[in-house]
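Trainee: One structure coming up, written as structure tokens, with questions to follow.
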Amino acid sequence: MTLERYNAPEREAHWQQVWADRETFKTREDASKPKYYVLEMFPYPSGRIHMGHVRNYTMGDVVARYRRAKGSNVLHPMGWDAFGMPAENAAMQNKTHPAEWTYANIDTMRRQLKTMGLSIDWSREFATCHVDYYRHQQKLFVDMLAKGLAYRKSSKVNWDPVDQTVLANEQVIDGRGWRSGALVEQKELTQWFFKITQYSDDLLEALATLDKWPEKVRLMQTNWIGRSEGMQIRWALKDAPKGHTELEIFTTRPDTLFGASFMAIAPDHPLAKAASTSNPKLAAFCDDCRRMGTSVADLESAEKQGFDTGIRAVHPLDPTWTVPVYVANFVLMEYGTGAIFGCPSGDQRDLEFARKYGLPVIPVVMPKDGNAETFAIDDEAYVDDGVMINSRFLNGMDTVAAFKDVQRRLETATLGNGPVGTLKVQFRLRDWGISRQRYWGCPIPVIHCKSCGVVPVPDKDLPVVLPDDATFDVPGNPLDRHPTWKHVACPKCGAEAERETDTMDTFVDSSWYFVRFTAPAAATPVDATAAKYWLPVDQYIGGIEHAILHLLYSRFFCRAMSATGHLALKEPFGALFTQGMVNHETYRAKDGQWVTPAEVRIDSDASGRRAVLIATGEPVEIGSVEKMSKSRRNTVDPDDIISQYGADCARWFMLSDSPPERDVEWTEAGVEGARRFIQRIWRAVDEAVAKGAAKGTPMPTGFGAAGEALRRAGHKTLEAFSRNVENLRFNVAVAQLYELTSTLTAAMGQSEDGLPWAIREAAELLIQMLGPMMPHLAEECWARLGYNTLLADQPWPEPDKALLVDDTITIAVQVNGKRRGELTVRREATSSEVEAAVMQLDGVLRALDGKSPKKIIVVPQRIVNVVA
RNA sequence: GCGGACGUGGUGGAACCGGUAGACACACAGGACUUAAAAUCCUGAGAUGGCAACAUCGUGCGGGUUCGAGUCCCGCCGUCCGCACCA
């Protein structure tokens, strides 16, 4: 055979050029077609693309190309999540500018992505660090401010006293700053927040409508929002500082009120602060508690600690009963009212606290089948529902009835200015703090004026542009220390004023980029017509690591943008798919150093696999399979793979074997397998051109057995493949193409009237199905099959329904549930026909051993079970 | 601690709604072609016993429902993930 091997790198460059020249993937608004918006989470321009990107964008590209062929008008854009800390860190280390570093990375990564042959409309590309993007984000901010969706409040930050800078949580390692190693302190700063809690209920309830999201993600968001129903109850205080006549707490268990033995308030609670002024020991205790907060690591093991304030609280259901008020380290100011009542018998934390400080433990709920005389609490609280005991008028009720009874009594009782207790829904969700004391982010467009206060930058003065000439040689916020940038006149009164020097969290940038893609050049943040046509995103694909924050913030932004008139949409992503990670074996040399896969050669035989260093032949230890990471040096550079084997090979491997939601292990052997398959397709098409009918030959009137079988295989594969791609079951779809290829190859070894036509048909179907997965090879084969059109422009073939159902079928025959043979019958065979045929089978007769069957269960077209 | 997912050959994984377990691929073994190798093609293979036909066992473990269970139910064991003092 003189057929040359398919030269992937060379042909891939060719087809990428053809697509670019013809603007094949440029999206045009076309109301005559149904729209389909496919989006993969846009990358952070960290330097180079990695295999995770390759997997993510391959999956998205299969969907995009498939939908396009199916007749949808597809939007498949790409951009850059380009603001963020790494650029600023790089600037400090390398004495460059964050913009320079970022744009250089974008150029590299764009070039890399283009070698993947993605069907992306590159004309819509943008980077969030460009003023043409963030100017619109500033407009959104100003509008949210006007609507009360953005506000300022005092909040704690991690403060590095040596570097004099604010640290993100991930920059705090074991309670110390990641650069300076100094002990991190908590510092109060006034910061900007988005009022996401305004939509707590809506964000929670709308999860039910997202039926094309993974159950896991919806559950994670449900837990994150954390809705709980309970009561807010006010207790009168005795011996309290002036002005503190009562204490309000939140509880989900008002039914256990008679089990109360103490009150506990957060160290930051106003009552704690008031009591501290006259009590130095208490003040010292509160300070201790605050320091504990910094080292999140040992929070888990932190012991319950409390301090008796001397204040007493009056039980709301018995004015003669008082309990002590403690400050406790486990009560959070941010949740509920920052105060609780302690019921040790019904809550494990309260129990530990009570045991430590010798407080009473009164059992108030026992299991339904419990004995009130003997039921006691030892070292485990009883937290389940049950029957009330030791609770006066509640005794004998179940917990639900007791809740209602207490609610009725507290709502009618009054204290001070209103009812003692009110029904209340609490959420775990907190407002979203967006202030970052950094340079490389979207400036928050407000001005602080001594007389006018916080003044939003007027629309006519937008955008607030980052100054190019910031310095990065010392820690701290470059915007704040810039000599001129922050000094401006107040837009209201004209007096000297200062710009806000905080920039926005980069999660803000990624909370609406998918909207901007629908009209990336619009003069306003959103083009209403384009947004209405394209949104919501039909299929969003990305990593599970964004299951909570990014997706929740984007859902919030849709609501906020709708409230400010920019959008009319609640949910941004109709369907979500979370893909697994790319893993690789790890290798360690004798000296314990990690070794990269590129430096290692694997030899394997029946006795196992061994790894050696290519350079020296020295043996290398094969370690566990881990997520690709720089620290373990088990990464494979997509550039190397693509330049050596081609993009199609990398794409095909990513889609094969592992289900897309699960982790995939990148292996050299697997890549070799993909490469072999590419050559196999190449040869098969060559053979099909030689042995198949000429292009455009009319269909023969009849086919022999081989032709008929090949046609059925082709159409059945088409039907199943399409279904699997639609359900993103790429690994199964891939297996089907392997199978069809084998069937086609085998058929070409035969000869029969009509078979050449069937061969051409099967080859064409195979190539068309291959199109979304290995687009370059498919174009090449399409041309070889005699077409001068682009495969990328071909409509998706429709299976011939008549070929999907067989006239005769083979079904399994069981005796007592054990398979004893099989039976080939007409598809429409009646149960009695099947029964009769079954009783002729050797295997059945042998298994029956002369006995006659009790009954025969016939499941049409499925199975027969003879019960003896 | 709470919540969730998963557990199938040597490996990755298939198996629609409860109906022939192991598709497809990798690795392996044998064969063909070749002076040889590479490449390619063909064949084999869950385990045990048997020359074979075939039989028995087999989807983490133990029970259950069913004519029939990888799939459904109950109880364990293991692995992974998320949240974590949320009152």
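Trainee: Counting only residues that are basic (Lys, Arg) and under 18 Å from A:His550 (Cβ atoms), which one in the range A:409-448 is nearest to the chain's Cα centre (by Cα)? Walk me through how you get there before you give the answer.
Mentor: Residues of the range A:409-448 basic (Lys, Arg): A:409, A:424, A:428, A:430, A:436, A:438.
In the following step, the residues that additionally are under 18 Å from A:His550 (Cβ atoms) were identified as A:430, A:436.
Details: A:Arg430: 20, A:Arg436: 24 Å.
Taking the candidates together, the pick is A:Arg430.
Trainee: Continuing with the same structure: Inspect all residues belonging to the range A:553-567 and state whether any of them is open to solvent by 60 Å² or more (accessible area, probe 1.4 Å), modelled with pLDDT of 95 or more and of a type outside the set (A, V, I, L, M, F, W, C).
Mentor: So the first thing to find is which residues in the range A:553-567 are open to solvent by 60 Å² or more (accessible area, probe 1.4 Å), and the list is A:565.
Filter once more, keeping what is modelled with pLDDT of 95 or more: A:565.
From what's left, of a type outside the set (A, V, I, L, M, F, W, C): A:565.
Yes - at least one qualifying residue is present in the range A:553-567.
Trainee: If I go through the range A:218-254 residue by residue, how many of them are more than 7 Å from RNA strand B (Cβ to nearest atom) and within 39 Å of the chain's Cα centre (by Cα)?
Mentor: 12
Trainee: Consider A:Gln814 carefully, then state whether it is at positive phi, near RNA strand B (Cβ under 9 Å from one of its atoms) and under 46 Å from the mean Cα position of the chain (by Cα). Steps first, please.
Mentor: Numbers: at positive phi: no; near RNA strand B (Cβ under 9 Å from one of its atoms): yes; under 46 Å from the mean Cα position of the chain (by Cα): yes.
Taking the combined requirement at face value, the residue does not satisfy it.
Trainee: One residue is enough: does the range A:827-841 have a residue meeting the conditions in contact (Cβ under 8 Å) with a residue 40 or more places away in the chain, part of a loop (DSSP other than H, G, I, E, B) and either open to solvent by less than 50 Å² (accessible area, probe 1.4 Å) or on the phi < 0 side of the Ramachandran plot (or both)?
Mentor: No, the range A:827-841 has no match at all.
Trainee: List the strands (runs of 3 or more DSSP E) that sit entirely inside the range A:560-652 and contain at least 3 residues that are without any contact (Cβ under 8 Å) to a residue 60 or more places away in the chain and on the phi < 0 side of the Ramachandran plot.
Mentor: Values: elements: A:576-579, A:582-588, A:600-605, A:608-613, A:619-627.
It comes to A:582-588, A:600-605, A:608-613, A:619-627.
Trainee: Filter the range A:531-552 for residues that are surrounded by fewer than 17 Cβ atoms within 10 Å (Cβ to Cβ) and within 19 Å of the chain's Cα centre (by Cα); which is farthest from RNA strand B (Cβ to nearest atom)?
Mentor: Across the range A:531-552, the extreme among qualifying residues is A:Gly543.
Trainee: Considering every residue within the range A:847-863, establish whether at least one is assigned to a helix (DSSP H, G or I) and either in contact with a strand residue (DSSP E or B) (Cβ under 9 Å, 6 or more places away or on another chain) or within 15 Å of RNA strand B (Cβ to nearest atom) (or both).
Mentor: Residues of the range A:847-863 that are assigned to a helix (DSSP H, G or I), as a first pass: A:847-848.
Okay, now just the ones that are also either in contact with a strand residue (DSSP E or B) (Cβ under 9 Å, 6 or more places away or on another chain) or within 15 Å of RNA strand B (Cβ to nearest atom) (or both), so A:847-848.
Yes.
Trainee: Looking for something surrounded by fewer than 20 Cβ atoms within 10 Å (Cβ to Cβ), touching a Gly at 6+ places or on another chain (Cβ under 6 Å) and outside any loop (DSSP other than H, G, I, E, B) - is there at least one such residue anywhere in the range A:95-102?
Mentor: No, the conditions are met nowhere in the range A:95-102.
Trainee: With the checklist (1) in a loop (DSSP other than H, G, I, E, B); (2) within 13 Å of RNA strand B (Cβ to nearest atom); (3) more than 46 Å from the chain's Cα centre (by Cα) in hand, flag the one item A:Val844 doesn't pass.
Mentor: Going through (1) in a loop (DSSP other than H, G, I, E, B); (2) within 13 Å of RNA strand B (Cβ to nearest atom); (3) more than 46 Å from the chain's Cα centre (by Cα) one by one, A:Val844 breaks only (1).
Trainee: Residues that are open to solvent by 10 Å² or more (accessible area, probe 1.4 Å) and farther than 23 Å from A:Tyr439 by Cβ: does the range A:499-520 have at least one?
Mentor: yes
Trainee: While we're looking at this one, here's another question. If A:Asn727 satisfies all but one of (1) surrounded by 24 or more Cβ atoms within 10 Å (Cβ to Cβ); (2) without any contact (Cβ under 8 Å) to a residue 24 or more places away in the chain, what's the number of the condition it fails?
Mentor: (1)
Yes/no per residue for (1) of a type in the set (A, V, I, L, M, F, W, C); (2) touching an Asp or Glu at 6+ places or on another chain (Cβ under 8 Å):
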| residue | (1), (2) |
| --- | --- |
| A:Arg683 | no, no |
| A:Ala690 | yes, no |
| A:Gly702 | no, yes |
| A:His715 | no, yes |
| A:Asn724 | no, no |
| A:Gln736 | no, no |
| A:Thr741 | no, no |
| A:Arg760 | no, no |
| A:Glu779 | no, no |
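Trainee: Hey, among A:Asp405, A:Asp378, A:Asp369, A:Asp350, which residue is within 14 Å of RNA strand B (Cβ to nearest atom) and either open to solvent by less than 40 Å² (accessible area, probe 1.4 Å) or assigned to a loop (DSSP other than H, G, I, E, B) (or both)?
Mentor: Numbers: A:Asp405 fails: within 14 Å of RNA strand B (Cβ to nearest atom); A:Asp378 fails: within 14 Å of RNA strand B (Cβ to nearest atom); A:Asp369 fails: within 14 Å of RNA strand B (Cβ to nearest atom).
None of the other options fit; the residue is A:Asp350.
Trainee: Determine which member of the set A:Ala758, A:Ala693, A:Ala713 is in a loop (DSSP other than H, G, I, E, B) and at negative phi.
Mentor: Numbers: A:Ala758 fails: in a loop (DSSP other than H, G, I, E, B); A:Ala713 fails: in a loop (DSSP other than H, G, I, E, B).
Selected residue: A:Ala693, the only one of A:Ala758, A:Ala693, A:Ala713 that is in a loop (DSSP other than H, G, I, E, B) and at negative phi.
Trainee: Follow-up question, since we're still on this one. Could you check the range A:493-532 and list, in sequence order, the residues that are of a type outside the set (Asp, Glu) and in contact with a Gly (Cβ under 9 Å, 6 or more places away or on another chain)?
Mentor: A:Thr503, A:Met504, A:Thr506, A:Val508, A:Tyr513, A:Arg516, A:Phe517, A:Pro520
Trainee: Just give me the residues in the range A:255-269 being within 14 Å of RNA strand B (Cβ to nearest atom) and not in a strand (DSSP E or B), in sequence order. If you could, list the steps in order and put the result at the bottom.
Mentor: Restricting attention to the range A:255-269, the residues satisfying the condition of being within 14 Å of RNA strand B (Cβ to nearest atom) are A:255-257, A:259-269.
Hits for the range A:255-269 are A:Asp255, A:Thr256, A:Leu257, A:Gly259, A:Ala260, A:Ser261, A:Ala266, A:Pro267, A:Asp268, A:His269.
Trainee: On to the next question. Could you give every pair whose Cβ atoms fall below 7 Å, whose first residue belongs to the range A:449-466 and is surrounded by 13 or more Cβ atoms within 10 Å (Cβ to Cβ) and part of a loop (DSSP other than H, G, I, E, B), and whose second residue is polar (S, T, N, Q) and modelled with pLDDT of 95 or more, counting only separations of at least 6 or pairs across chains?
Mentor: What qualifies is A:Leu462/A:Gln138; A:Pro463/A:Gln138; A:Val464/A:Gln138.
Condition check ((1) free of Cβ contacts under 8 Å to residues at least 24 places away in the same chain; (2) away from RNA strand B (no atom under 11 Å from the Cβ); (3) of a type outside the set (Phe, Trp, Tyr)) across all residues:
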{"position": "A:Lys716", "(1), (2), (3)": "no, yes, yes"}
{"position": "A:Ala720", "(1), (2), (3)": "yes, no, yes"}
{"position": "A:Ala733", "(1), (2), (3)": "no, no, yes"}
{"position": "A:Leu737", "(1), (2), (3)": "no, no, yes"}
{"position": "A:Thr745", "(1), (2), (3)": "no, no, yes"}
{"position": "A:Ser751", "(1), (2), (3)": "yes, yes, yes"}
{"position": "A:Leu766", "(1), (2), (3)": "no, yes, yes"}
{"position": "A:Gly771", "(1), (2), (3)": "no, yes, yes"}
{"position": "A:Pro775", "(1), (2), (3)": "no, yes, yes"}
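The values are calculated or read from the model by the stated rules, or taken from the named source; none is laboratory data. All figures in this text were calculated on a predicted structure; none of them were measured in a lab. All Cβ positions, glycine included, derive from the backbone under ideal geometry; neighbour counts span all protein chains shown. The area values use the complete protein model at the heavy-atom level, side chains included, leaving out ligands, DNA and RNA. Shrake-Rupley method; radii C 1.70, N 1.55, O 1.52, S 1.80 Å.
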